[in-house]
Amino acid sequence: MMRRAFRLSYHGRPGVVHVDVPEDLMNGKTEAQPLLAPGRYRRLEAICASDEQIAAAAEMLAAAKLPMIHAGSGVIHAAAYSELQAVAELLHAPVTTSWGARSVLPERHELAIPMIHIKLNQAVRTSADVVLALGSRLGETDWWGKPPYWAAASEQRMIQVDCDEEILGLNKPVDLAILADLKIFLARLAEKLRPWQNKMPLAERRKAVKKLQTARSKFRQKLDEALQDNRAPMNPAHVAHVCRQVFADDAICVIDGGNTAVWTHFYHEARVPNTVLHTAKFGMLGAGVAQALGAAVAFPGRQVYCIIGDGAMGFNLQEIETAVRNDLKPIYLVCCDRQWGMVKINQQFALRPVKTMVKKSLPREETINADLGEIQFDKLAESMGAHGERVADPKDLRPALERCLAANKCSVIHVDVNPVKHMWAPGLIHFKAMHREPKGK
């Protein structure tokens, strides 16, 4: 039974398999079964595409006017970061990602189109004539690959590569479906592309990418205007921005919460592959508390920090004691606005839309149980043996982080953020649209 479970966990997309074991078997005595080497009960060799498929993909991409790469979390599972970058550079193709694949390519790279640039992502996806989709099912955070967020299938050729055959052509018709391990596929594709270098329209692609870079810079400048607001309680933009200044480039950033997650994504920059951890699809609150512990166990030599909302932190706060007991040293930054912000703003628009637009926030009595009381997360952390800090002024955040690092143990910073600004997180209109059915076919 357990061998079958392990075999299933490696079949297609790797994942969790639930096994129910009766209590009498779990707690009873039985004769131990021999442990077989993995190769004796499951396939170990990676799935490889045929030479013909790789050659066809190379030819389609080389001939394209403006190819693009859309990377999903399959790139992370395959650890195909350098291979992805090599192919992108050979093609001079812009790279977008699913929300679950953030950090597959350093976001300072000229070809990176970070997913927070939502309109720019849409511009790339509607203008590209050939798409190389890697380890992505083109799900809800990708608007299902449909217009108006992508070009129509009749106007855009699609190469989809995945290790799970169920994903190929699932949400958007494909012109070339390839079942393969991404790391091996990309390495072989790069070899096939090199002879095409002098035949590709690279000058035109560089010109197009230059325009994308300009648009990306302008949007970043607009976002960073929020960092000029130095009042207390602080503008939430400061939290991820200051963390990026303090922590190492390879530090693991865990993101959890509703509006807190939105603010963090918009003001965090992924500089090293595989450094962002969050629940991209389901958005479960509170998962980040334990995710940070898992990251600390998996990478004991790297810094781990978690930016999390106060509502989300309340779900699994007792894991701070787990961290202390096991000598794990993540740093939690709890953005406290004392409200269920995403719920509250939806209630406001449903109940008092005009007043909401004018006042930005309604009093407690005009929403339904969307406000929270005071919780001193720093004091709770100290009661469990962790280091605690509390800040409200942006200028105090960096010194607090430095004291946490010096404490050399699990730490919690209670960060008082402006509740109205926190509720009006950037890009809210796009998140609403993401959960609607796209108009195109």
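Just so it is clear, none of the values below were taken in a lab; they were calculated from the coordinates. Keep in mind it's a predicted model, so treat the numbers as computed, not measured. So basically every Cβ, Gly included, is an ideal-geometry build from the backbone, and we count neighbours across all protein chains shown.
Summary of computed values
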| item | result |
| --- | --- |
| Overall form of the stretch 51-219 per C-alpha gyration tensor (a/c, 1.5; a/b vs b/c) | rounded |
| Highest to lowest packing among 34-41, 390-397, scored as the average C-beta count within 10 Å | 390-397, 34-41 |
| Size of electric dipole in the stretch 51-219: Cβ of Lys, Arg +1 and of Asp, Glu -1, about Cα centre, debye, nearest 20 | 980 |
| Whichever lysines have a C-alpha closer than 18 Å to that of LYS439, once near sequence neighbours (fewer than 8 apart) are set aside | LYS119, LYS146, LYS172 |
| Ranked list, fewest to most other Cβ atoms within 10 Å of each Cβ, for THR214, THR264, THR356, THR322 | THR214, THR322, THR356, THR264 |
| Dipole-positive endmost among LEU132, THR260, PHE377 within the chain (Cβ charges, Cα centre) | LEU132 |
| Unit charges on C-beta of K, R, D, E only; dipole of the stretch 307-348, Debye | 100 |
| Ellipticity estimate at 222 nm from DSSP helix runs (n ≥ 4, -39,500 (n - 2.57)) divided over the chain, nearest 500 | -11500 deg cm²/dmol |
| Rounded, prolate or oblate (a/c below 1.5 giving rounded, otherwise prolate when a/b exceeds b/c) for the chain by Cα gyration tensor | oblate |
| Set of lysines near LYS329 by C-alpha distance (under 16 Å), chain-local residues within fewer than 8 positions excluded | LYS409 |
| Proxy reagent accessibility, fewest Cβ within 10 Å first, across HIS117, HIS11 | HIS11, HIS117 |
| Mean Cβ count within 10 Å, highest first, over the residues of peptides 106-115, 193-202 | 106-115, 193-202 |
